[in-house]
Amino acid sequence: MQKAIEQHKNAFLNELEEFLKIQSISAVPAHKSDVQKGAKWVASSLEKAGMENIEVIETEGHPIVYGEWLHAEGQPTILIYGHYDVQPADPLDLWETPPFEPVIRDNKIFARGATDDKGQLFIHIKAMELLMQEDGMLPVNVKFCIEGEEEIASPHLGTFIEENTDKLATDAVVISDTSFIKEGLPAICTSLRGALAMEVKVKTANTDLHSGVYGGGVPNAVHSLVRILDSLHSEDGSIAVDGFYEGVPELTEELKEEIARIPSDDEAMKQELGLTSLFGEKGFSFKERTGIRPTLELNGISGGYQGDGIKTIVPSEATGKISCRLVGEQDPQHIYELIEKHLLEHQPAGTTMTVNQFIQARPVSLDSNDPMIQKAADAYEKVYGERALFPKEGGSIPIVEVFARVLEAPVVLMGFGLPSENLHAPNEHFHIDNFTKGIETVCTYFKSL
């Protein structure tokens, strides 16, 4: 298989560049036609790989692409999930090269979506293509379910899964949308935090006011928002919302030991990020804070004058964006209601406030001892010479919990990215060695099943 991968490497990379040129930004309505183009491109690539019954399934949002190959009688069925939509590329001025004009340098391919998730998804499509070329058939039955809304929290895929359980029935769901621990050290994530996002808007007067005429005598929307948002955390880094920690599991010694086995160099990370110190709840390590503890982060604040120079006003409107990562039995809707109640209780006099929810996803925990996960670890070891570790990831892939619960199947989070690849940030890239070794690993894994 190594020889075949090397033989096709340049052609595969050329195809990946075509894929990465498509500006399939699901969050931006102006790119709706680009997202449609991305779906059709994926469908065409599945056809080239030898998949059958390929469909571009329209939703009220962006399309879902389905394909299958179901001729391995008596063998397991594997559902491969990925997403062809990408994050917006802003801020454009921080990209060294244009985000949708892929370039290869230093054995990495740079473009928006390179590692999240087009490059990793493409690994599976090319792996199936090579397996078909090698034997004229696949070692297992395969289904693809690829969406165009992951970056906006998969608003329509959950319903599609619930309404198509027979179509999607599987022995395991395989997803490549996560990262290694570090270069050369693979990882199979065994838990993902849930997610919650909201926006709070504060309004005072019916217009911005002159600070010389009204300053000191009327409420200031930016002041009010800052006070409200600051009330969400205590001085020790804990979250000050009553009831927020209900349902958060106790940190057992066994779990502490499991997390401690994941390599982490806090000092090196501080230097890499240009930080003088880390931050968070007292009594927890960085890996614990970012993997198994819940969070509440302020993602952005706007209000008042934002241009060059100064404009002496009393702002009448201000907006703050908030996101949470949730763990254990924390229910996103309940947490939203607790935060909304807290915000209203801390609303300063003279302000009106509205809160709008954007994203909601439940946490998920996976059993690292499941045979489907252990066989994936075996495949990594054969290709990379290192057996995969089983970290608890701080991020969220909302649909993972839905797949596991509705299809009653293990989910194998078999990622090939690296933490340093700038996903969601300028200069996103994907290491080409992990692209080619990823294809080999997936082929090895599927054969082992």
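Summary table below
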| read-out | value |
| --- | --- |
| Accessible area of segment 115-186 belonging to carbon and sulfur atoms, whole % at 1.4 Å probe | 42 |
| Where the chain is the region considered: accessible area per residue in Å², 1.4 Å probe | 45 |
| Relative contact order of the chain, defined on C-alpha pairs under 8 angstrom at six or more residues apart (%) | 26 |
| Carbon/sulfur fraction of accessible area - segment 302-449, other protein chains in place, 1.4 Å, % | 47 |
| Spin-label model distance (nm) - N299 vs K375, 7 Å beyond Cα toward Cβ | 3.7 |
| Cα pair count fraction exceeding 21 Å, expressed as % - segment 378-443 | 40 |
| Where labels lie 7 Å past Cα in the beta-carbon direction, separation of D266 and D433 in nm | 2.9 |
| Cα centroid separation - segment 66-144 against segment 191-233, whole Å | 42 |
| Sequence ranges 265-277, 84-96, 304-316, ranked by mean other-Cβ count within 10 angstrom, highest first | 84-96, 304-316, 265-277 |
| Share, in percent, of DSSP beta bridges within the chain that are antiparallel, nearest 5 | 75 |
| Pairwise FRET efficiency - L92 versus E386, Cβ, R0 = 41 Å, nearest 0.05 | 0.65 |
| Percent accessible area from carbon and sulfur atoms, segment 3-107, protein chains only, probe 1.4 Å | 48 |
| Cβ-based net charge around P332, under 12 Å, with every Lys or Arg adding one and every Asp or Glu removing one | -1 |
| Total formal charge among the other residues, if their Cβ is under 13 angstrom from that of L138, Lys/Arg +1 and Asp/Glu -1 | -4 |
| Hull shadow area, averaged, segment 38-146 [alpha-carbon convex hull, nm²] | 8.3 |
| Leading residue at positive end of dipole, the chain (Cβ point charges), from A169, V202, M1 | V202 |
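The values are calculated or read from the model by the stated rules, or taken from the named source; none is laboratory data. Everything quoted here is computed from the prediction, not taken from an experiment. Because the Cβ atoms are built from the backbone with ideal geometry, glycine has one as well, and the counts that use them run over all protein chains shown. Protein only, heavy atoms only, side chains kept; ligands, DNA and RNA dropped before computing areas. Shrake-Rupley method; radii C 1.70, N 1.55, O 1.52, S 1.80 Å.
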